[in-house]
1. For the stretch 55-112, what class follows from the C-alpha gyration tensor (a ≥ b ≥ c being the square roots of its eigenvalues): rounded when a/c is under 1.5, otherwise prolate if a/b is larger than b/c, else oblate?
2. Along the stretch 92-104, what does the Karplus equation 6.51 cos²θ - 1.76 cosθ + 1.60 (θ = phi - 60°) give for ³J(HN,Hα), rounded to whole Hz, x for Gly and Pro?
3. What ranking do 140-151, 41-52 get when scored by the average of other Cβ atoms within 10 Å per residue, highest first?
4. Counting other C-beta atoms within 10 Å, which of Leu110, Leu159 has the fewest, and how do the rest follow?
Amino acid sequence: MKFSHRERLPDVPAPPAFAPERASPSGVRAEVVSYSDDRRTRGLRALAEHAGRSGTAAIAGLREVAPDFADWVVDFAYGDVLSRPGLDPRARQLATIAALTAIGHARPQLETHIDGALEVGCPPTEIIEVILQMAVYAGFPAAINALEIAKHRFAARGL
């Protein structure tokens, strides 16, 4: 299926709600989410909400070596994706922990998102359950490594 340039959705701010589904000229249905503020503002707000101090520190560290990349993370990951209204912050953090566990080689990001999950109210038991479930899909080594990371993050918080 080939899409023309006219069928692409522009990144234009609008009210923060799910827009009604609509059909493009080719008949493909598109879901549009738009917002009333800019990507950077949304991204910084979502970063603070989802990842707290550790997320802000991670972006600051990236900014020292690759400022444009730090902006991409804030604008796209947090401003466009994590700020969407379809999932609450807890669900987003648990999904992120599952993905990072499955990747198996993203220790700093997994640490940040475990901290973020705790910040948004996920109890350690839920985080552990998500990691345990990943043993089925990502393998035992990935789950074991993620459990070790979680243990250290919990201990750092006195949990």
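1. Working: a/c = 2.30, a/b = 1.24, b/c = 1.86.
In terms of gyration-tensor shape, oblate.
2. Whole-Hz 3J(HN,Hα) from phi for the stretch 92-104: 4, 5, 5, 5, 5, 4, 4, 5, 5, 5, 5, 4, x.
3. Working: 140-151: 17.2, 41-52: 19.6.
Ranked by mean Cβ neighbours within 10 Å, highest first: 41-52, 140-151.
4. Values: Leu110 23, Leu159 11.
Ordered from fewest to most neighbouring Cβ atoms within 10 Å, Leu110, Leu159 come out as Leu159, Leu110.
Any read-out appearing in this document is the output of simple, stated calculations on the displayed coordinates, not a laboratory observation. Just so it is clear, the structure is predicted and the values come from calculations on it, not from any experiment. Reconstructed Cβ throughout: ideal geometry from the backbone, glycine too, with neighbour counts over all protein chains shown.
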